[in-house]
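Visitor: First the structure, then my questions, so here it is.
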């Protein structure tokens, strides 16, 4: 591995460590942390720490304050709209692309993750872990590994504070039906149907997460729906 690749890997690991520390409450929302302090905490020099903070700033988890450090933010209502919008822009077309190149081995892997979701249909950690792996399998099957990695980061950021639409806002059974529709379309290698099924699933979840993102969310809901509309091909529509 080259020195550049090693540095990139180090900054990615630190970014993941910082994200986990925020999730676990070890790093507090609203608190300013210096690069030196974080470097001492995670055993790294300032350079990879700064690179990690830039990655997290792009995801809306921290705000960089020049010559001072980074303030922990975490996703707010607007951040949730942005994260959900990115998912609906990226995942449906990637799902369509995956349908064209998937193999029987991919079908088996998806079926295995879905079985775990069915067996652990309590909205607990094992359910969500299988959910994440299922989506990751589809994105990786598309061949765009950068996209798969980016969407995985979006999902981790979106659920940083335990913010899931299941089972808080919708039954697990509804989410399972959505995922099965995606799997069935992919199994038939029907890219158009797979794209529609993925979009329907993400929009359903996004509607619920945005609607419950803040007390006064009318503007956020309107912005989210605007993004949804631009992702729907002309003549198509989303039905529930």
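Visitor: Among the helices (runs of 4 or more DSSP H) confined wholly to segment 26-115, which include 3 or more residues that are touching a helix residue (DSSP H, G or I) at 6+ places or on another chain (Cβ under 6 Å) and surrounded by 20 or more Cβ atoms within 10 Å (Cβ to Cβ)?
Guide: Helices (runs of 4 or more DSSP H) meeting the threshold: 46-58, 77-99.
Visitor: Go through (1) within 26 Å of residue 18 (Cβ to Cβ); (2) more than 13 Å from the chain's Cα centre (by Cα); (3) assigned to a loop (DSSP other than H, G, I, E, B) for residue 210 and report which single condition fails.
Guide: The single condition residue 210 does not satisfy is (3).
Visitor: Residue check: is residue 177 free of Cβ contacts under 8 Å to residues at least 60 places away in the same chain, farther than 29 Å from residue 20 by Cβ and under 17 Å from the mean Cα position of the chain (by Cα)?
Guide: Judged against the criteria, residue 177 is not a match.
Visitor: Same structure again: Filter segment 124-133 down to the residues that are crowded, with 18+ Cβ neighbours inside 10 Å and more than 12 Å from the chain's Cα centre (by Cα), then identify the one that is modelled with the lowest pLDDT.
Guide: Among those residues, the one meeting the criterion is 127.
The values are calculated or read from the model by the stated rules, or taken from the named source; none is laboratory data. Just so it is clear, the structure is predicted and the values come from calculations on it, not from any experiment. Please note: Cβ atoms are built from the backbone with ideal geometry, for glycine as well, and neighbour counts cover all protein chains shown.
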